Amino acid sequence: MGIFDIFKSKTKNENEKDYAREIANIIGCDYAEISGDYKKELIFNLYVSELKKGQEEGYTPVITATGSTLHEIIELNSEEYPAFEDYRTVILNNSFDNGIDVLNERFRELEQNMAEAEDYDIYGEYTGKINPCNYFLSIDKSDLNSDETLVLFRIPVKEPWKVFAWIPFGGWNECPDPVDMIAVCKYWYEKFGAFPAIIKSDILEMYVPEPVNNIETAFDVAKEQYGFCNDTVDQGTGTIKSLAETLVDSKIWYFWWD
């Protein structure tokens with residue numbers, strides 16, 4: 001089976017709401033539903049092929065789960081505006097050159113909390129085991145709600161960090177709001193070539209075609225990622241150095257906000 005065989009039409013029941021089509025119409029982009037068993041190698045290869053095609057044709061691919069949750073997020077973010085295009089215009093009217101400042105400030109706040117915690121070393125020690133990740137982690141049918149469909153959106157923008165002006169993401173709990181999200185992703189794209197690839201209700205996965213290849217750089221990135229999404233460490237790897245060991249040679253950066 002070829003990678004594009006998983007782009008198939010899906011027959012919906014007459015009472016089943018077509019959130020994919022509704023969302024695509026609201027945000028103004030082309031899309032294709034993904035069907036099948038969602039094998040991680042196939043989805044990864046599909047994304048990489050679409051990314052290459054998008055760079056040639058002027059769009060950025062993003063895979064997401066369309067359903068009532070994403071639909072509600074879009075409506076809530078744009079309800080104060082006459083149309084979603086007005087919301088997007090306001091978002092894109094910001095300056096996004098402060099990504100590293102956003103990360104440093106968020107890390108400083110966490111560092112202050114760390115200083116108050118006794119006998120807690122967030123940095124930890126290296127284990128000597130490099131554990132790169134080279135396939136998306138959150139593509140699993142069992143993770144989808146009953147009203148959700150896995151969809152590849154073709155966002156009509158060349159700059160990948162701008163996809164969050166089409167798919168509003170962030171602003172709850174400790175997750176950066178969409179403006180800070182764009183700023184951080186712009187910084188990571190310009191420094192590491194990272195693309196926002198998977199956007200779900202509380203998960204972001206980024207694709208890094210040329211991963212960091214040494215533990216020293218990975219440690220610096222891990223500190224930034226901890227500032228960006230502390231749950232990655234606090235409810236994941238346990239320490240920043242353990243996170244760093246997952247970043248060496250890894251093409252996927254994974255973030256999850258509880």
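The values are calculated or read from the model by the stated rules, or taken from the named source; none is laboratory data. Just so it is clear, the model here is predicted, and its values are computed rather than measured. Positions of Cβ are generated from backbone atoms using ideal geometry, with glycine treated the same way; all protein chains shown enter the neighbour counts. These area figures cover heavy atoms from the full protein model, side chains too; ligands, DNA and RNA do not enter into them. Shrake-Rupley method; radii C 1.70, N 1.55, O 1.52, S 1.80 Å.
Answer with yes or no whether residue 89 is modelled with pLDDT of 90 or more and β-branched (Val, Ile, Thr). When the stated conditions are applied, residue 89 passes them. Residue-level check: of (1) hydroxyl-bearing (Ser, Thr, Tyr); (2) at negative phi; (3) surrounded by 16 or more Cβ atoms within 10 Å (Cβ to Cβ), residue 38 misses just (2).
Does residue 197 count as modelled with pLDDT of 95 or more, more than 17 Å from residue 60 (Cα to Cα), of a type in the set (A, V, I, L, M) and surrounded by 23 or more Cβ atoms within 10 Å (Cβ to Cβ)? The answer is no for residue 197.
Each residue in region 171-208 was checked for being more than 18 Å from residue 76 (Cβ to Cβ), within 10 Å of the chain's Cα centre (by Cα) and touching a residue at least 60 places away in the same chain (Cβ under 8 Å), and 8 pass. Per the conditions (1) under 16 Å from the mean Cα position of the chain (by Cα); (2) surrounded by 15 or more Cβ atoms within 10 Å (Cβ to Cβ); (3) more than 14 Å from residue 251 (Cα to Cα), the sole criterion not satisfied by residue 140 is (2).
Can we say residue 258 is part of a loop (DSSP other than H, G, I, E, B), more than 24 Å from residue 48 (Cβ to Cβ) and at pLDDT below 95? For residue 258, the condition - part of a loop (DSSP other than H, G, I, E, B), more than 24 Å from residue 48 (Cβ to Cβ) and at pLDDT below 95 - is met. Scanning region 227-240 for residues that are closer than 15 Å to residue 109 by Cβ and either open to solvent by 10 Å² or more (accessible area, probe 1.4 Å) or of a type in the set (Asp, Glu) (or both) gives 230, 231, 234.
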